[in-house]
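Asker: Next up is a structure, given as C-alpha cells.
Readers should treat all values here as calculations from the given coordinates under stated rules, not as data from a laboratory. It should be emphasised that the depicted structure is a prediction, and the values quoted were computed from it without experimental measurement. Heads up, the Cβs are rebuilt from the backbone with ideal geometry, glycines too, and the neighbour counts pull from every protein chain shown.
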Amino acid sequence: MTSPPPAELAVVAEGVEFEYPAPRRVLALKGVTLRIPKGQFAAIVGQNGSGKTSLARCISGYLRPTRGSLRVAGTEVWRLRPAQRATRVGYVFQNPDHQLFRERVWDDVAFGLQNLGASPDQIQESVEQVLRRLELWDKREVHPFQLSRGDRQRLAIAAIIVMRPQLLIVDEPTTGQDMARSREIMDLLARLNRDEGMTILTITHVMELVAEYARWVIVMHDGRVLLDGPPRQVFSRAEELRISAISPPPVARLGLSLGLHPLPITVPEARDAILRRLSA
Amino acid sequence: MADPVIALERVTLRYPTAPSPTLRDISFRVEPGEFVGIVGSTGSGKSTLLYLLAGVIPHYLGAEIGGDVRIYGRRTQELSLARISERVGLVLQDPEAQLFNLLVRDELAWGLENRGLPRAEIASRLASTLGFFRIEKLQDRITYDLSGGEKQRVALAAVHAIAPAVYLFDHPTSQLDPIGAAEVIGAVRRLAEQQQHAIIMVEDKVDELVEHADRLILLNEGRIVLDAGPREFCLRKDLLDAAGVRPTQMAELSSRLVEAGVKLDVPPITLEEMTVALRALLPS
Ligand SMILES: Nc1ncnc2c1ncn2[C@@H]1O[C@H](COP(=O)(O)OP(=O)(O)OP(=O)(O)O)[C@@H](O)[C@H]1O
Ligand SMILES: Nc1ncnc2c1ncn2[C@@H]1O[C@H](COP(=O)(O)OP(=O)(O)OP(=O)(O)O)[C@@H](O)[C@H]1O
Ligand SMILES: [Mg+2]
Ligand SMILES: [Mg+2]
C-alpha cells in the first residue's frame with residue numbers, strides 16, 4: 001500500500017507514549033503508531049484501560065505526549081492555543097457531565113463560538129442550526145442537568161460540532177442510549193462524515209455499531225495498537241481480538257464458525273451469505 | 001410458602017413534577033435464585049422501577065405511589081432505607097455517582113466496615129471480589145483517576161463485596177469491554193444459581209440476557225408489556241418493535257431467514273442454536 005501524502009492525513013502518530021504525571025505515574029500509552037486519512041470514519045475499540053481515552057485526549061491536544069510525535073493535519077496540536085485547536089479537532093468527553101457547565105442548553109452550544117470570536121449573528125444562526133439538527137431546539141432554554149442522559153450526550157456533541165472541527169473525536173457516544181438513540185447518534189456522525197467531509201474517530205464497545213458504521217477499526221491493547229484494518233478484516237481475527245477483550249458481533253462469529261466468505265458482519269449480510277450457500 | 005423476595009402488586013408511580021404516571025399497573029414477583037432482566041427504551045421507567053425496589057423511592061426521592069411494593073413480605077414504605085439496604089444492593093447507572101472514596105480499596109472496604117465485619121472477613125471478601133472483577137491492580141489507585149470501565153468495575157465490586165441477598169443492577173456493563181460485559185453477566189447468573197441471590201438487571205445487551213437470565217421483562221411507557229422466558233421474549237417481535245427494543249442478533253437473523261423461505265422448525269435465538277441449525281441445513 002502506498003502511503004498518502006502528509007496533507008491528506010488527519011492523524012499521524014509515531015511512537016506516542018503518554019504517562020499520567022506523578023504521584024500516579026501510570027504509563028497509559030506505550031508507543032502508538034497509526035495513520036488516519038482525512039475523511040475516514042474510524043472506530044477505536046479495546047479492553048477497559050487499554051488507553052483509548054488517553055489516546056483521544058492526546059490527539060485532541062488536551063494532553064501532550066510524553067514521547068513520540070503526534071500530528072493532526074500536519075500540526076502538533078498541543079502547541080496550539082485552544083481557539084486555534086477547536087476548528088481542527090473537537091473532542092466529546094466520555095462523560096458529558098464533564099463538559100457541560102452553562103446554565104442553558106443554548107449557552108453551552110454558543111460558548112465555543114463566542115470563544116472563537118464569532119459575530120452574534122453567526123452565533124445565532126449556527127447554534128440554531130445545530131440544535132435543530134440534534135433535536136434539542138425545543139429544549140434550548142432548559143438547564144443541561146435537567147436533560148435525560150441521552151439528551152445530554154447529544155448536547156455534548158452539539159457543543160463541539162458547532163465549531164466545525166475538521167476532525168471529530170467522540171468518546172463512547174452511545175453509553176446509556178437505547179438502540180434507537182444509538183443509531184440516531186451514529187447516523188448523525190455518518191452524515192457529518194459524508195456531507196461535510198468531517199473525519200470521525202469514535203471510541204465504542206458496541207461491535208454491532210462498529211460493523212455497521214466504521215470503515216476502519218483500531219484495536220488498542222495495553223497502551224499500543226494491537227491491530228487495525230477494515231471491520232470485516234479485523235472481525236475475522238477473533239483469536240487476536242480476544243487478547244483485548246473484544247468479541248466480534250454474533251453474526252460474524254456465526255460466519256467464522258460456518259466458514260462463510262466474505263465474512264458477514266451485519267444481519268442482512270449474514271442472511272445473504274446463508275441464502276447463497278443454501279442455493280449453491 | 002415463604003414470601004417471595006420481591007412482590008409488586010398493581011403498582012403505579014407518579015413523580016410530583018410529572019404530568020402523568022411513570023409506572024403503570026406493574027405486578028411481578030421474584031423468587032430467591034431468580035435472575036430477571038429488564039429492558040425497555042429510554043424513559044420507559046427502568047431506573048424508576050429499581051429505585052422503588054431499593055426504597056430510594058419514597059425514602060429519598062418523593063413520589064405518589066399506588067399499589068403494593070414488598071420485599072420479603074414487608075412493605076418498603078414501612079421499612080427504613082437502612083433496613084432495606086441490609087438485603088438489597090443497588091448498582092447505579094452512572095458509576096461516578098456511586099464512587100465517593102478517594103482510594104479504590106477504601107471504596108470496596110467501607111461498606112463492609114460499616115456492617116462491622118471482622119478484619120479477616122473483610123480481607124477475604126476483598127480478595128475474592130477484586131479477582132472476580134479483575135481489578136487487583138487497581139487497589140491503590142485513586143477512584144476518580146480511573147478509566148470509565150475501570151470505575152464501573154469498582155462500583156460493581158463495591159456492591160458485590162457486601163453480597164446482598166438481592167442485587168439490583170442498572171446498566172451494569174454499559175462501559176465494559178465486550179468480553180468483560182459477558183463475563184460479568186455470566187458471573188451474575190452464577191450468583192443466582194449457586195448462591196440463591198435474587199437478581200434484577202436493567203440491561204440493553206439482550207444477547208447476554210437471553211443467554212443467562214431466567215426471565216425478561218419488557219417495559220414500554222411504564223407498563224410491563226411482556227414478562228417471559230428468553231425464547232418467548234425474542235419471538236414477540238410485535239411487542240419488541242412497539243417498545244423500540246431489538247431481540248438478539250440471532251433472533252433477527254432467524255426471522256429474516258424465515259421470511260426468505262428457509263425452514264427453521266424452532267427459530268434459533270442464540271449463536272449456539274443457530275450454528276447447530278445451519279450446520280444441519282448447509283451443504284459442507
Ligand atoms: N487521570 C488519570 N490519572 C492516572 N491514570 C489514569 C488517568 N486516566 C486514566 N488513567 C489510567 O490510564 C490507563 C488508560 O486509561 P484510559 O482512560 O485511556 O483507558 P480506556 O481505554 O479509555 O478505558 P475504558 O474502556 O475503560 O474507558 C488506565 O490504566 C487508567 O487507569
Ligand atoms: N426525579 C424525577 N422527577 C420527574 N420525572 C422524572 C424523574 N426521574 C425520572 N423522571 C421521568 O420518568 C421517566 C422514566 O425515567 P427513568 O429514568 O426511570 O427511565 P429509564 O427507563 O431508566 O431510561 P434510561 O434508559 O434513559 O435510563 C422519564 O420520562 C423521566 O423523564
Ligand atoms: Mg475510555
Ligand atoms: Mg435509567
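Asker: At 7 Å along Cα-to-Cβ for each site, give me the label-to-label distance between residue B:242 and residue A:180 in nm.
Answerer: Computed distance between label sites residue B:242 and residue A:180 equals 1.4 nm.
Asker: Take the alpha carbon atoms of segment B:2-68, find their center, do the same for segment B:249-272, and report the distance between the two centers in whole angstrom.
Answerer: 34
Asker: Sticking with this one: Where does each of B:159, A:105, A:206 land when they are ranked from fewest to most other beta-carbon atoms within 10 angstrom? Present the calculation step by step, with values, prior to reporting the outcome.
Answerer: Working: B:159 21, A:105 27, A:206 24.
Fewest to most other Cβ atoms nearby, the residues stand as B:159, A:206, A:105.
Asker: Give the whole-number value, in cubic angstrom per residue, of the convex hull volume spanned by the C-alpha atoms of segment A:148-272.
Answerer: Numbers: hull volume 14.9 nm³, N = 125.
It is 119 Å³ per residue.
Asker: Which order results if A:98, B:197, B:59, B:160 are arranged by neighbouring Cβ count within 10 Å, fewest first? The partial results should precede the final answer.
Answerer: On the way: A:98 10, B:197 21, B:59 16, B:160 24.
Ordered from fewest to most neighbouring Cβ atoms within 10 Å, A:98, B:197, B:59, B:160 come out as A:98, B:59, B:197, B:160.
Asker: Enter the angle in degrees (range 0 to 90, nearest 10) between the Cα long axis of helix A:105-115 and the first principal axis of the Cα atoms of chain A, meaning the one along which they spread out most.
Answerer: 80
Asker: Now for a different question. Out of A:51, A:61, A:229, any idea which swings most in a Gaussian network model of chain A, alpha carbons joined below 10 Å?
Answerer: A:229
Asker: What percent do you get for the relative contact order of segment B:6-247 when only Cα pairs under 8 Å and 6+ apart count?
Answerer: Details: 437 pairs, mean separation 67.1, N = 242.
After rounding, I find 28 percent.
Asker: Follow-up question, since we're still on this one. Hey, can you grab everything whose amide H is under 5 Å from the amide H of residue A:33? Only 5+ residues off in sequence or another chain; H modelled, so Pro and N-termini drop out.
Answerer: Under 5 Å from the amide H of residue A:33 lie the amide H atoms of A:15, A:16, A:225, each far enough along the sequence or on another chain.
Asker: Also: Which one, A:134, A:201, A:168, has the greatest fluctuation when you compute a Gaussian network model over chain A with C-alpha springs under 10 angstrom?
Answerer: Checking each option, the largest mean-square fluctuation is seen for A:134.
Asker: Could you work out how far the C-alpha centroid of segment B:177-244 sits from that of segment A:52-68, in angstrom?
Answerer: Measuring centre to centre over Cα atoms gives 38 Å.
Asker: Still on this structure, please answer the following. Explain nothing, just compute: Karplus ³J(HN,Hα) = 6.51 cos²θ - 1.76 cosθ + 1.60, θ = phi - 60°, for every residue of segment A:159-174 in order, whole Hz, x for Gly and Pro.
Answerer: Values per residue, Gly and Pro as x: 5, 8, 5, 4, 8, 6, x, 6, 10, 10, 10, 10, 8, 6, x, 10 Hz.
Asker: Right, next: Could you state the number of Å between the C-alpha centres of segment A:142-158 and segment A:166-240?
Answerer: Here the two parts' Cα centres lie 22 Å apart.
Asker: Dimensions of the protein assembly as shown along principal axes (Cα, Å, largest first)?
Answerer: 76, 61, 52
Asker: So which lysines pass the test for residue B:205, namely a Cα distance under 21 Å, with those fewer than 8 places away in the same chain ruled out?
Answerer: B:46, B:151, B:237
Asker: For residue A:11, enumerate residues with amide H under 5 Å from its amide H, sequence gap 5+ or separate chain, H modeled in the peptide plane.
Answerer: Long-range HN contacts for residue A:11: A:36, A:73.
Asker: Say we join alpha carbon atoms closer than 10 Å with springs in a Gaussian network model of chain B; which of B:157, B:192, B:97 then has the biggest fluctuation?
Answerer: The residue with the greatest mean-square fluctuation here is B:97.
Asker: I've got another one for you. Given 10 °C and 1.306 mPa s, how large is the Stokes-Einstein diffusion coefficient of segment B:22-107 in µm²/s, with Rh as the Kirkwood radius over Cα pairs? Provide the component values of the computation, followed by the final result.
Answerer: On the way: Rh = 14.6 Å.
Taking Rh from Cα pairs, D becomes 108 µm²/s.
Asker: For residue A:141 and residue A:222 in one chain, what is 0.36 nm times their gap in residues minus the Cα-Cα distance, to one decimal in nm?
Answerer: Numbers: separation 81, 0.36 × 81 = 29.16 nm, distance 4.32 nm.
Working it through step by step, the gained length comes to 24.8 nm.
Asker: Here is a follow-up. Give me the one-decimal nm value for the distance between modelled label points at residue A:25 and residue A:122, 7 Å along each residue's Cα-to-Cβ direction.
Answerer: Calculated label separation equals 4.7 nm.
Asker: Here's another thing I want to ask about it. Going by how many other Cβ atoms sit within 10 Å of their own, how do B:238, A:171 line up, fewest first? Mind showing how you got there, number by number?
Answerer: On the way: B:238 10, A:171 23.
Taking fewest neighbouring Cβ atoms as first place, the list is B:238, A:171.
Asker: Another one. Could you pull the Rg and Dmax for chain A, using just the Cα atoms, both in Å?
Answerer: That works out to 19.6, 65 Å for Rg and Dmax.
Asker: Using modelled backbone amide H atoms (1.01 Å from N, in-plane), which distant-in-sequence or interchain residues come within less than 5 Å of residue B:220's amide H?
Answerer: The list, which skips near neighbours in sequence, is B:225.
Asker: Can you compute 3J(HN,Hα) from phi for each residue in segment B:85-100, using the Karplus curve 6.51 cos²θ - 1.76 cosθ + 1.60 with θ = phi - 60°, rounded to whole Hz and x for Gly and Pro?
Answerer: So the Karplus estimates, Gly and Pro as x, are 6, 5, 10, 10, x, 10, 9, 6, 4, 10, x, 5, 6, 9, 8, 9 Hz.
Asker: From the phi angles alone, apply the Karplus equation (6.51, -1.76, 1.60; θ = phi - 60°) to segment B:262-270 and give each ³J(HN,Hα) in whole Hz, x where the residue is Gly or Pro.
Answerer: Result, rounded to whole Hz: 6, 8, 10, 4, 10, x, x, 10, 10.
Asker: So what's the convex hull volume per residue for the Cα atoms of chain B, in Å³?
Answerer: On the way: hull volume 44.6 nm³, N = 284.
Enclosed volume per residue, from the Cα hull, is 157 Å³.
Asker: Let me ask something else about it. Toward the positive end of the charge dipole of segment A:1-105, about the Cα centre and with charges on Cβ (Lys, Arg +1; Asp, Glu -1), which of A:78, A:48, A:29 goes farthest?
Answerer: The Cα lying farthest towards the positive end belongs to A:78.
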